[in-house]
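Enquirer: Dropping a structure here in structure tokens format, bear with me for questions.
Read the figures in this text as sums done on the coordinates, not as results from a lab. It should be emphasised that the depicted structure is a prediction, and the values quoted were computed from it without experimental measurement. All Cβ positions, even for glycine, are placed from backbone atoms using ideal geometry, and neighbour counts span all protein chains on display.
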Amino acid sequence: MTPLAVLAIGGSDSSGGSGLQADLKVFAAMRLYGAFVATSVTAQNTRGVQDVFELPGNVVSAQLSAVLDDMPIAAVKVGMLATAEAAAAVTAKARAGVLPKLVVDPVLESAAGRRRGVITALERLLPYAAVATPNREEASALVGWQVSTPADMAGAAAQIASNGPTYVVVTGGDMVAGEEAVDAVWTDAGARFLRYPRVQTRNSRGTGCTFSAAITARLAQGDDVLEALVAAKEYVARGLVGARDWKLGNGSGPLNHFGWPSFAAFSA
């Protein structure tokens, strides 16, 4: 049987722990065929990002056309766009209606001087997204104020949703307090919170990329959005547990991208 094809758009990670490499691992783990469009090539490892080499907008457009003109794509994930030109190329395809079940993870690794332009370009893309998944830092950049608490996260999710995405998830796994990690989810019925046990590990590189890629995969396979969010959160949690004892590199290592638990749940 021919597998479903999904598309990841974002930056290449030389360490393999985040970006396109993490996306493709998620898709493979979920028995999907992953295509990709690179917007940048990064020099990074478990200690962090050393450099970002942005690809021109016409190169991004050429890759998009090559894939979309040939393959039936069931869902699309957008990660790091790096430049306003790359964002514009993706937005043009979204406007044309050829990026189904679009998940936008607004990774902001652009050069400081270009960040505002990328944010503005992202704001033009977001109305076409089924789901947006900023972390607290990214949400702060999008809304223009500091997002700190779960209540802030819910407020930011609502503000971002007013720009178009049907669902917005502001992830809070980077908050250090408490035994639970909490994400704020804005739906057409208002705010909800997705709670799950916090996993203590230094190996958490690529959690945001993995989460959004898993949402994309589950949407492609027919889940509704809330089902996809819970499944994706379980997948990330299992990846954190599975890599807890790994010693890859000298910094924050990657997740284990294989396996499933069952302990995430929504609460009011």
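Enquirer: Name the long-range amide H neighbours of residue 191: under 5 Å, sequence gap of 5 or more, or other chain; modelled H, no Pro or chain starts.
Expert: The list, which skips near neighbours in sequence, is empty: none.
Enquirer: Just want the ordering: 210, 166, 187, from fewest to most Cβ atoms lying within 10 Å of their own Cβ.
Expert: In order of increasing Cβ crowding within 10 Å: 166, 187, 210.
Enquirer: Let me ask something else. With springs only between Cα atoms under 10 Å apart, run a GNM on the chain and tell me which of 47, 218, 238 wobbles the most.
Expert: 47
Enquirer: I'd like the Karplus ³J(HN,Hα) series for the stretch 71-80: coefficients 6.51, -1.76, 1.60, θ = phi - 60°, whole numbers in Hz, and an x wherever there's a Gly or Pro.
Expert: Residue by residue, the stretch 71-80 yields 10, x, 9, 8, 6, 9, 10, 10, x, 5 Hz.
Enquirer: What is the mean projected area of the alpha carbon convex hull for the stretch 5-267, to one decimal in square nanometres?
Expert: Computing the convex hull of the Cα atoms and averaging its projections yields 12.4 nm².
Enquirer: Now, a different point. Over the chain, what is the mean sequence separation of C-alpha contacts under 8 Å (at least six apart), divided by residue count, expressed as relative contact order in percent?
Expert: Computed value for the chain: 18 percent relative contact order.
Enquirer: Along Cα→Cβ, 7 Å out, is where each label goes; now give me the distance between the ones at residue 187 and residue 258 in nm to one decimal.
Expert: Roughly 3.4 nm, to one decimal.
Enquirer: Ok, one more. What whole-number volume per residue, in cubic angstrom, does the convex hull of the C-alpha atoms of the stretch 1-155 give?
Expert: Measuring per residue, one finds 123 Å³ for the Cα hull of the stretch 1-155.
Enquirer: Same structure, new question: Going by how many other Cβ atoms sit within 10 Å of their own, how do 25, 77, 101, 247 line up, fewest first?
Expert: Lowest to highest Cβ neighbour count: 247, 101, 25, 77.
Enquirer: Under a straight-distance cross-link criterion of Cα-Cα below 20 Å, which lysines are reachable from residue 77, leaving out those fewer than 8 residues away in the same chain?
Expert: Here the lysines satisfying the reach criterion relative to residue 77 are 25, 93, 101, 233.
Enquirer: Among the complete DSSP H segments of the chain, which ones combine at least 18 Å of alpha-carbon extent along their axis with a mean Kyte-Doolittle hydropathy of 0.5 or more?
Expert: 207-220, 225-242
Enquirer: Also, quick follow-up: Once the Cβ-Cβ distance between residue 179 and residue 28 is put in as r, and R0 is 45 Å, what FRET efficiency do you end up with, to the nearest 0.05?
Expert: 0.90
Enquirer: Residues with amide H under 5 Å of residue 36's amide H, sequence separation 5 or more or different chain, H placed in the peptide plane at 1.01 Å from N; which?
Expert: Residues meeting the criterion, in which the H sits 1.01 Å from N, are 8.
Enquirer: Quick one: 122, 248, fewest Cβ neighbours within 10 Å first, how do they rank?
Expert: With the fewest neighbours first, 122, 248 line up as 248, 122.
Enquirer: Mind jotting down the distance between the C-alpha centroids of the stretch 20-46 and the stretch 124-175, whole Å?
Expert: 23 Å
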